Amino acid sequence: MAEITLEGLGKVYPDGTRAVGNVNLEIEDGEFLVLVGPSGCGKSTILRMIAGLEEITEGKLLIGGQVMNDVQPKDRDIAMVFQSYALYPHMSVYDNMAFALKLRKVPKDEIRQRVERAAEILEITSLLDRKPKTLSGGQRQRVAMGRAIVREPKAFLMDEPLSNLDAKLRVQMRAQLSELHKRLGTTTVYVTHDQVEAMTLGHRVAVLKPVSEVRPTNLQQVAPPAELYQNPANLFVASFIGSPAMNLAYCSLTSENGKLFAEFAGYRVEVDARAIERHPGIEKWVGHEVVIGIRPGEFEAAAIMPPRPDRQITVKIELAEILGSETFIHFEVNSRPVLTPEIRELLDRDQAIYDEHAETSKFTARVSPDVVVHAGDTIDLQVDTAKIHFFDPENGLRIVEQSPTGQEPEASA
């Protein structure tokens, strides 16, 4: 096993296109780290640079403390599991798993021991004599993982290995992957666009976005899953992590009788002291515009909650999705949509894009399934203001100590 370090890693293609910019990341020995982000954010490119399948044009890559920029893929002692299983159709499962070891001229007895041990771990011992065409998608994926395991590498690199599986099988394979890592303890870098995979598998999750002039690095935040969800570093992470996405609106803060209030979209709610503690210095923003973030799960029907009129809003339901275990309520709020720094950058280039962001903001609330609602109904919702979030509207960063634009930070005592 080994730690993997990216120091200012960058990738620029010959035509000048920048795919990766200034990525700094330390992956600990034995850690399961997930790279997650939308299409085009550079996650697979970063993985391929670690594997040696993509040339590094900027920065350094270290594996086990050794610089690997110019080391051939076969000499990096890593094993990669691809989205496509890439199995040899004319070979048996056993031969597919043993192939790399045969090329290395590993003794036959050791090959058999390694293959049988990996097959036992993956519960595919009964499949060793079969050909890939006779296997299900989940079985093929386990064979592909077995082929990586038998090599006993320093690190596993996995590029969306579950994306070709159906929803039920993905859930099963996630559990098996997690159990597999517990048993092997091998450093693993896992790429996915599926945030559920990211949040359930990763010891830490690295959220990536496409490079832009506003933020010339792909890496937005690296943290354990709970930290990402509870304390997103900026508007991009806040809106990407969580499904349905976090609700965002422009908001003004007021202070009255020692209490802090958030006023947004015609509503006014008292901010809980716990939210103030999570946003040190938020009081400096009284009288200034901020962005408020409220996750769907931070709403509940006021009828089934202890009464708190100071945290209540009244909305008209546009759509109610009744899922059995929960109900999603969709409604409009009277607030212009929040424009992230990246969207504002696009608007500066092409004003026509503004039309996509000029509508009334849409909000989603997740409420108890015991609440019977229909489209067109009016309902009182209560906001858990202990869990709300605040962001700087100019740079999109979570408000923690910084002062509003144009206002000098207060000198510390």
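The values are calculated or read from the model by the stated rules, or taken from the named source; none is laboratory data. Since we're looking at a predicted model, the values are computed, not measured. Note that each Cβ is placed from the backbone with ideal geometry, even for glycine, and that neighbours are counted across all protein chains shown. These accessible areas exclude ligands, DNA and RNA; they are computed on the full protein's heavy atoms, side chains included. Shrake-Rupley method; radii C 1.70, N 1.55, O 1.52, S 1.80 Å.
The modelled label-to-label distance for the pair SER255/GLU152, using points 7 Å beyond Cα in the direction of Cβ, is 6.4 nm.
Rounded to whole numbers, the Karplus 3J(HN,Hα) couplings from phi for the range 305-312 are 10, x, x, 9, x, 6, 10, 10 Hz, using 6.51 cos²θ - 1.76 cosθ + 1.60 with θ = phi - 60°, and x at Gly and Pro. Take every Cα-Cα pair in the range 117-193 and report what % of them are more than 19 Å apart. In whole percent, the long-distance tail amounts to 32. Give the lysines whose C-alpha is closer than 20 Å to that of LYS182, dropping any in the same chain fewer than 8 places away, or say none. Cross-link targets: LYS154.
The calculated FRET efficiency for the pair VAL12 and ALA86, based on their C-beta separation and a Förster distance of 30 Å, comes to about 0.60.
Kirkwood analysis of the range 74-157, using all unique Cα-Cα pairs, places the hydrodynamic radius at 12.7 Å. Computed from the C-beta positions of ASN231 and GLU110 and an R0 of 30 Å, the FRET efficiency is 0.05 to the nearest 0.05. Calculated on the Cα set of the range 150-291, radius of gyration then Dmax: 19.9, 67 Å.
Loop-located trypsin sites (Lys or Arg not before Pro) across the range 98-194 with a Cβ neighbour count of 16 or fewer within 10 Å are ARG104, LYS105, ARG130, with loop assigned by DSSP. Among ILE63, ILE322, the order of accessible area from largest down is ILE322, ILE63, computed with a 1.4 Å probe on protein heavy atoms.
Using Cα-Cα distances under 8 Å and only pairs 6 or more residues apart, what relative contact order does the range 165-244 have, in percent? Once divided by the residue count of the range 165-244, the mean separation gives 20 percent. For GLU120, project a label point 7 Å along Cα to C-beta. Then give me every residue of the range 153-183 with its amide nitrogen under 15 Å of that point. It comes to 183, nothing else.
Can you pick out the pairs among LYS74/LYS209; LYS74/LYS105; LYS60/LYS209 whose Cα atoms lie more than 26 Å from each other? Distance filter (> 26 Å) returns LYS74/LYS209. HIS90 exposes around 120 Å² of accessible area when a 1.4 Å probe is run over every protein chain in place.
Put simply, the amide H of SER335, placed in the peptide plane, has neighbours under 5 Å in SER361, leaving out anything fewer than 5 places away on its chain.
Taking the Cα atoms of the range 48-87, the ratio Rg/Rh between the radius of gyration and the Kirkwood radius comes to 1.00.
Computed with a 1.4 Å probe on the full set of protein chains, the accessible area for ASP95 sits at about 50 Å². Gyration tensor analysis over the Cα atoms of the range 167-221 returns equivalent ellipsoid semi-axes of 27, 14, 7 Å (largest first, whole Å). Given their separation in residues at 0.36 nm each and the Cα-Cα distance between them, THR200 and LEU103 gain 31.3 nm when the chain is fully extended.
Using only alpha carbons, the chain has a radius of gyration to Kirkwood radius ratio (Rg to Rh) of 1.04. At a probe radius of 1.4 angstrom, the accessible area of the chain per residue rounds to 47 square angstrom. Here the simple spin-label model places points 7 Å from the Cα toward Cβ, and for ILE304 and GLU289 these points are separated by 3.7 nm.
Apolar share of the accessible surface for the range 167-227: 56 percent from carbon plus sulfur atoms, 1.4 Å probe.
Only DSSP H runs of four or more residues enter the estimate; each adds -39500 (n - 2.57), and after division by the residues of the chain the mean residue ellipticity at 222 nm equals -7000 deg cm²/dmol. Taken as Cα centroids, the range 291-336 and the range 55-100 sit 48 Å apart, rounded to the nearest whole angstrom. Residues whose amide H falls under 5 Å from that of VAL191, counting only those 5 or more places apart or on a different chain, are LEU35, MET158, ASP159, GLU160, with hydrogens built in the peptide plane.
Placing GLU332, GLU283, GLU55 in order of accessible area, with the largest value first and a 1.4 Å probe, yields GLU55, GLU283, GLU332. Computed over protein heavy atoms with a 1.4 Å probe, the carbon and sulfur contribution to the accessible area of the range 1-76 reaches 43%.
I need to check one value: relative contact order of the range 219-287, counting alpha carbon pairs closer than 8 Å and at least 6 residues apart, in percent. Rounded, it is 19 percent for the range 219-287.
By definition, a body whose alpha carbon gyration tensor gives a ≥ b ≥ c is rounded when a/c is under 1.5, and the range 222-381 falls into this rounded group.
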